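Read the figures in this text as sums done on the coordinates, not as results from a lab. Everything numeric in this text was worked out from a predicted model, so none of it was measured. Positions of Cβ are backbone-derived with ideal geometry, glycine not excepted, and every protein chain shown enters the neighbour counts.
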Amino acid sequence: MTALGILWFFLIFLLIAGYFVLDGFDLGVGVLYPFLAKTDDEKELVRHSIGPVWDGNEVWLLTAGGALFAAFAPAYATTFSGFYLAIMLVLFGLILRAVSVEFASRDPEWARIWNVCFFVGSLLPALLLGVAVGNVYAGIPMDAAGNYVGIPLLGLVTPFTLLCGLLGLSMFIVAGASWVALKAPLDSELRQRAIKFRFVGQLAAVVLFVLLSVYGHFLIHPVMDPSLVVARFACAALFAVMLVASIVVGRDGEKDLLVFVLQAAAAVALVFLLATSMFPNLVVASASSIGSSITIATAASSDTALGWMTGIACIGVPLVLMYHVLVYRTFRGRLSLGDHS
């Protein structure tokens, strides 16, 4: 297990965290869309709140998948082939969401259909991504070659993985509600509804995190690297503190940006809690597996390849961050109801 292999293990989780934070609020907005927006103007505002940024936010998911393929090809092969149907549903949802966002305001005759597609296209990824992560963490049945040998899709849904999916969904909802509260007019009913959904999502996330922690500790019995126990405790504590802080700050009703930042910090802490809990495993083999878990040592590419990837990342990631800063700065501030520009 080389230093570059360890570096890229955590870099991939950093890319996942970037997706969780940025495209997380896009998905959350879509899931809440039928419940938040009541009038045509409100629906237009909700769509326009993510319109300039949603496509750029998805770059982090594509980059994480590409980095996994280049850095740890066996792990990529097992997860993408074993979860093929689930991944296709996620991609279908992302495509459906993209089409519906673009067509909802341009095709009034089919507006209701596009609104439903926006909701479904957001719900599928928001739920299934968490279920997939739960399977990778809890363990999947694999043969000696590392191939998934369980039942497609249905074999991936267990009480633990469903809890993971619901926790991810609740965090997406909190992010989406926080974003709408940040972009909607201060005195609007839309913002007030967003604040209520934000609070409900925050409470749900706290409860689900406690249930998931207890379930995982007593029933999953994961094997964790003892050298990272302090890091795991720090990530868990940071997640809890940031989420509770976002609840407390959110009661003020005027600090929407701070609430959004706090929930984003909680999302990052949750991702790195997963990373420190899985290290050095990339895909855990279940007890019924013939093969062993896929780890950094068994799956990492050569140091030459990882070195080139590191150099490219040092150039590419700052450029992507500069793009995000430019876009978010350009479209900063609250929107106005009826402003369709």
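Take region 237-258 and flag every residue that is within 19 Å of Gln192 (Cβ to Cβ) and in a helix (DSSP H, G or I). Hits for region 237-258 are Ser246, Ile247, Val248, Val249, Gly250, Asp256, Leu257, Leu258. Within region 215-222, identify whether any single residue is surrounded by 22 or more Cβ atoms within 10 Å (Cβ to Cβ) and touching a helix residue (DSSP H, G or I) at 6+ places or on another chain (Cβ under 8 Å), and answer yes or no. No, region 215-222 has no match at all. Restricting region 65-114 to residues that are more than 20 Å from the chain's Cα centre (by Cα) and among the aromatic types (Phe, Trp, Tyr), the residue that is farthest from Tyr19 (Cα to Cα) is Trp110. Do you know which of the residues in region 48-65 that are among the β-branched types (Val, Ile, Thr) and in a helix (DSSP H, G or I) is farthest from Ile315 (Cα to Cα)? Per the stated criteria, the residue is Ile50.
The set of residues in region 217-231 that are without any contact (Cβ under 8 Å) to a residue 60 or more places away in the chain and either within 27 Å of Ala175 (Cβ to Cβ) or in contact with a Ser or Thr (Cβ under 7 Å, 6 or more places away or on another chain) (or both) comprises His217, Met224, Leu228, Ala231.
Selection of helices (runs of 4 or more DSSP H) fully inside region 73-186 by the criterion of at least 3 residues being more than 30 Å from Ala265 (Cα to Cα) and of a type in the set (Gly, Ala, Ser) returns 73-82.
Being surrounded by fewer than 21 Cβ atoms within 10 Å (Cβ to Cβ), closer than 20 Å to Gly28 by Cβ and of a type outside the set (Lys, Arg) holds for only one residue in Leu243, Leu270, Leu262, Leu258, and it is Leu258. Of all the numbered requirements in (1) under 21 Å from Ile12 (Cα atoms); (2) in a loop (DSSP other than H, G, I, E, B); (3) free of Cβ contacts under 8 Å to residues at least 24 places away in the same chain, Ala234 misses one, and that requirement is (2). The residue list Ser246, Ser289 contains one member that is out of contact with any Ser or Thr (no Cβ under 9 Å at 6 or more places or on another chain) and touching a residue at least 60 places away in the same chain (Cβ under 8 Å), which is Ser289. Of all the listed residues (Leu68, Leu45), the sole one being in contact with an Asp or Glu (Cβ under 8 Å, 6 or more places away or on another chain) and not in a loop (DSSP other than H, G, I, E, B) is Leu45.
A quick yes/no check of all residues on (1) surrounded by fewer than 20 Cβ atoms within 10 Å (Cβ to Cβ); (2) in contact (Cβ under 8 Å) with a residue 40 or more places away in the chain; (3) among the aromatic types (Phe, Trp, Tyr):
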site: Leu169; (1), (2), (3): no, yes, no
site: Phe172; (1), (2), (3): no, yes, yes
site: Ala177; (1), (2), (3): no, yes, no
site: Leu186; (1), (2), (3): yes, yes, no
site: Gln192; (1), (2), (3): yes, no, no
site: Phe199; (1), (2), (3): yes, yes, yes
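Return the residue satisfying two criteria in turn: it lies in region 283-332 and is outside any helix (DSSP H, G or I) and over 25 Å from the mean Cα position of the chain (by Cα), and of such residues it is surrounded by the fewest Cβ atoms within 10 Å (Cβ to Cβ). The qualifying residue surrounded by the fewest Cβ atoms within 10 Å (Cβ to Cβ) is Ala287. Out of the residues in region 22-31 meeting the condition of being under 13 Å from Arg97 (Cα atoms) and of a type in the set (A, V, I, L, M, F, W, C), tell me which one is surrounded by the most Cβ atoms within 10 Å (Cβ to Cβ). Taking the candidates together, the pick is Leu27.
Which one of these is of a type outside the set (Ser, Thr, Tyr) and touching a residue at least 24 places away in the same chain (Cβ under 8 Å): Pro108, Pro52? Of the residues listed, the single one that is of a type outside the set (Ser, Thr, Tyr) and touching a residue at least 24 places away in the same chain (Cβ under 8 Å) is Pro52.
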